[in-house]
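Colleague: Dumping the structure here so I can ask a few things about it.
Only the coordinates and a few stated rules stand behind these numbers; no lab work does. Just so you know, these numbers come straight off a predicted model, no measurement behind them. Cβ placement follows ideal geometry from the backbone for every residue including glycine, while neighbour counts extend to all protein chains displayed.
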Amino acid sequence: MKKSGLLLMLIASGVALLASCSTISAGSNTSSAPTSSISSSSELRQFTLLELSAYDGDEGGLAYVAVSGIVYDVTNADNWENGWHNDMHLAGTDATAVFATSPHSQALLDTLPIVGTLVA
């Protein structure tokens, strides 16, 4: 009887140890690979021009612009206020043409959060 009780305790301890190890490994990220701040395109929201127009930044609301099919959040970006940038109300629009003639480069866009893609 004592042997079977000891055996049951050892089995229970082993199960508890295995359970705690699997919980630790499942919950921890030991990978040194960098994580991207950009979601995969399947996880990004798709906007039509009509849907994008709702994010015009008016009255302190969210301000999004599309450039080359990517929708960026410019709500808190430098030089943007209530959807306006350099005397142009660009938030809520496809600003691809304006961006192409601006002094900005892709490096600036790379600093902005991507919130989705623009669809036809």
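Colleague: Could you check the spin-label model distance between ASN82 and ALA97? Points 7 Å from the Cα along Cα→Cβ, value in nm.
Modeller: Here the modelled spin labels are 2.6 nm apart.
Colleague: How far apart, in nm, are the 7 Å Cα→Cβ label points at ILE114 and GLU51?
Modeller: My value for the distance between the label points is 1.7 nm.
Colleague: Roughly what percent of Cα-Cα pairs across the stretch 45-118 reach past 18 Å? Working shown, then result.
Modeller: Details: 719 of 2701 pairs.
The answer is 27 percent, as a whole percent.
Colleague: What FRET efficiency comes out for the pair SER105/LEU44, r = Cβ-Cβ distance, R0 = 22 Å, nearest 0.05? Please list the in-between numbers first.
Modeller: Values: r = 22 Å, r/R0 = 1.02.
That pair, SER105 with LEU44, gives E of 0.45.
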